[in-house]
Amino acid sequence: MPEQVLVLGGAGFIGSSIAIELKKNYPERKIICLDNLRRRGSELNLPRLKHFSIEFIHGDIRSPADLDPSVLKVETIIDCSAEPSVLAGFTSPQYVLQTNLLGTINILELARLTKARLLFLSTSRVYPIAPLKSLNLVELSTRFALKAEQTSLGVSELGISEDFPLQGYRSLYGATKLASELLIEEYRQAYNIPTIINRCGVVTGSWQMGKVDQGVFVLWVAAHYFQKPLSYIGYGGTGKQVRDLLHIQDLLRLITHQLQHFTELDGEVFNVGGGVSNSLSLLETTQLCQSITGKSTQITASLEERPGDVPLFITDSSKVIARTGWQPLIKPEAAFEDIYQWISDNEATLSPILS
Ligand SMILES: NC(=O)c1ccc[n+]([C@@H]2O[C@H](COP(=O)([O-])OP(=O)(O)OC[C@H]3O[C@@H](n4cnc5c(N)ncnc54)[C@H](O)[C@@H]3O)[C@@H](O)[C@H]2O)c1
């Protein structure tokens, strides 16, 4: 394990969790988190980083000057910085492009100049929307589900694998992530930068500042906790749209393994998610929230679909499971209990952000 690690987006949900996990596992390592605090609530992670003696730099990946190789002499870069919302691509395209694409170029230049290895957090959103909307689905009483018979490559009852075709539009967010993946592979080949790419499905857990356009499971638990209204958007307003969820602790176990086995995993692109057994529809999410919080909240049906939305995404993580032996272990019930406990322990601080 190298000496110095730079976590970009290090005040965000995944970035701060990785930094703290690394510091707990390797107290002697220097961990630096860089973030521009664009995400509302990211500032709440700063005292946590300080508590674990993690250095924080207020910086912006859009600015090459903030990624100065003479200052950031690191051996490992973990890139968790992004505008991670699909909807942001429809409202703030400049920010999405500048951060998620130009930012990647600046990060790759830092990796080239410092000879650091790069672990990149990509997204299931690299898969195009129209083919995802044409999956063979069956409508069950509480959810949509994948049929056994599918016509496309890379889809089975287990979900979407890395073989799913990439042709078609995918939202600006997804496009900036896929373009970043392509550039990362070019830098890997041209400059021998070791890289690993994780295409994550929905990741959740405590310290995620869930909002309407990103972090749906925290949004749902919080709305029940604080008694705020919700809506089932699109698909007839039935709440049958499905996602798989991965608890942050499961992701951290995988990333720890990947950092320990970087050389053998160099150049790999993995789908990483909770899989079918950790998937929920919104309707099922509501039922789980009611049983954990003991509260119901008002949920309206909104018939108009959100731009860039898909009725179902379930990650087939077979490849990463086969290559690493890793498995997601935390079930949705335990993930929601964790979120509930975190909100209840930090109610006053979180109320302005989550309610
Ligand atoms: N959470 C998920 O469900 C999920 C799923 C798939 C992929 N991802 C990817 O994982 C990564 C981390 O996501 P997250 O859930 O922690 O999101 P997050 O919003 O909590 O964290 C991202 C952090 O990046 C920071 N940031 C934004 N623009 C920046 C800039 N120009 N310069 C420096 N920092 C900037 C934000 O302030 C924030 O703290 C992202 O790349 C995201 O695309 C997340």
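So the check is Cβ under 9 Å with 6+ separation or different chains; which pairs have a first residue in the stretch 249-273 that's part of a loop (DSSP other than H, G, I, E, B) and a second one that's aromatic (Phe, Trp, Tyr)?
That search, which allows pairs on different chains as well, returns GLY273/PHE313.
So how many residues does the stretch 195-238 have that are of a type in the set (Val, Ile, Thr), farther than 30 Å from ARG112 by Cβ and within 12 Å of the ligand (Cβ to nearest atom)? Don't jump to the end; show me each part of the working.
To start, the set of residues in the stretch 195-238 that are of a type in the set (Val, Ile, Thr) comprises 195-197, 202-204, 212, 216, 218, 221, 233, 238.
This time we only want the ones that are farther than 30 Å from ARG112 by Cβ, so: 202, 204, 212, 216, 218, 221, 233, 238.
Among the residues that remain, those that are also within 12 Å of the ligand (Cβ to nearest atom) are: 202, 204, 216, 218.
Summing the residues that are of a type in the set (Val, Ile, Thr), farther than 30 Å from ARG112 by Cβ and within 12 Å of the ligand (Cβ to nearest atom) in the stretch 195-238 gives 4.
Within the stretch 226-259, track down each residue that is polar (S, T, N, Q) and within 21 Å of the chain's Cα centre (by Cα). First the steps, then the outcome.
Keep residues of the stretch 226-259 that are polar (S, T, N, Q), which gives 227, 231, 238, 241, 249, 256, 258.
Those that are polar (S, T, N, Q) and within 21 Å of the chain's Cα centre (by Cα): GLN241, GLN249, THR256, GLN258.
Here's a check for you: in the stretch 14-32, which residue that is in contact (Cβ under 8 Å) with a residue 60 or more places away in the chain and open to solvent by 30 Å² or more (accessible area, probe 1.4 Å) is nearest to the ligand (Cβ to nearest atom)?
ILE14
Could you list, in sequence order, the residues of the stretch 137-171 that are open to solvent by 40 Å² or more (accessible area, probe 1.4 Å) and on the phi > 0 side of the Ramachandran plot?
Within the stretch 137-171, GLY168 is the sole residue that qualifies.
Looking only at the stretch 182-193, which residues are within 16 Å of the ligand (Cβ to nearest atom) and crowded, with 20+ Cβ neighbours inside 10 Å?
ILE184
Tell me which residues, restricted to the stretch 33-55, are open to solvent by less than 10 Å² (accessible area, probe 1.4 Å) and of a type in the set (Gly, Ala, Ser).
Of everything in the stretch 33-55, those that are open to solvent by less than 10 Å² (accessible area, probe 1.4 Å) and of a type in the set (Gly, Ala, Ser) turn out to be GLY41, SER42.
Please find, among LEU108, LEU132, LEU121, the residue that is closer than 24 Å to ASN271 by Cβ and in a strand (DSSP E or B).
Residue meeting the stated conditions: LEU121.
Filtering the stretch 72-98 down to residues that are among the polar types (S, T, N, Q) and in contact (Cβ under 8 Å) with a residue 12 or more places away in the chain, which residue is farthest from LEU172 (Cα to Cα)?
Result: THR76.
What's the number of the condition GLY275 fails, among (1) touching a helix residue (DSSP H, G or I) at 6+ places or on another chain (Cβ under 8 Å); (2) at pLDDT 95 or above; (3) of a type outside the set (Lys, Arg)?
In the conditions (1) touching a helix residue (DSSP H, G or I) at 6+ places or on another chain (Cβ under 8 Å); (2) at pLDDT 95 or above; (3) of a type outside the set (Lys, Arg), GLY275 misses (1) alone.
The values are calculated or read from the model by the stated rules, or taken from the named source; none is laboratory data. Note that this is a predicted model, so its numbers are computed, not measured. Glycine also receives a Cβ, built like all others from the backbone with ideal geometry; neighbour counts cover every protein chain displayed. Each accessible area value is taken on the protein alone, full model and side chains, heavy atoms only, with ligands, DNA and RNA left out. Shrake-Rupley method; radii C 1.70, N 1.55, O 1.52, S 1.80 Å.
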